[in-house]
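Okay, so here's the structure we're looking at.
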Amino acid sequence: MASLNDDANYIRNLCTQLDIPGLTDIHTHFMPHNVLRKVWAYFEQAEDVLGYDWPIIYRTDEAERIDTLRTLGVKQFTSLLYPHKPDMAA
């Protein structure tokens, strides 16, 4: 598995080749901690549910995930959250 530095170097080189200043990540999740714990628990059991492993590579607190995005050359990102139960948005 590649390291964060390997990924960052690859992305920096790609951005240079494409002559773009960086990336915009439109699929990042920043959720209330209780929701995030449930999402991570689901993916811990992905092999049982989906039939294949789906590890969360950057499983860290919010500040470190933001630092990781910046290290990877992400200039902008969303905070994708989807209320999927009644009254969850409130």
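Any read-out appearing in this document is the output of simple, stated calculations on the displayed coordinates, not a laboratory observation. The structure presented is a predicted model; accordingly, all values stated were derived computationally and were not measured. For neighbour counting, all protein chains shown are included, and Cβ atoms are generated from backbone atoms with ideal geometry for every residue, glycine included.
So how strong a dipole does the stretch 4-77 carry about its Cα centre when Lys and Arg Cβ are +1 and Asp and Glu Cβ are -1, to the nearest 20 debye? Charge dipole of the stretch 4-77: 260 debye, to the nearest 20.
Here's the picture: charge each Lys and Arg Cβ at +1 and each Asp and Glu Cβ at -1 in the chain, and of 72, 2, 88 the one pushed furthest to the positive end of that dipole is 88.
Relative contact order of the stretch 4-77: 48 percent, from C-alpha pairs under 8 Å at least 6 residues apart in sequence. Stokes-Einstein diffusion for the chain, with the hydrodynamic radius set to the Kirkwood value over Cα pairs and evaluated at 10 °C in a medium of 1.306 mPa s, equals 105 µm²/s.
Membrane-span-like helices of the chain, defined as complete DSSP H segments with a Cα extent of 18 Å or more along the helix axis and a mean Kyte hydropathy of at least 0.5, are absent.
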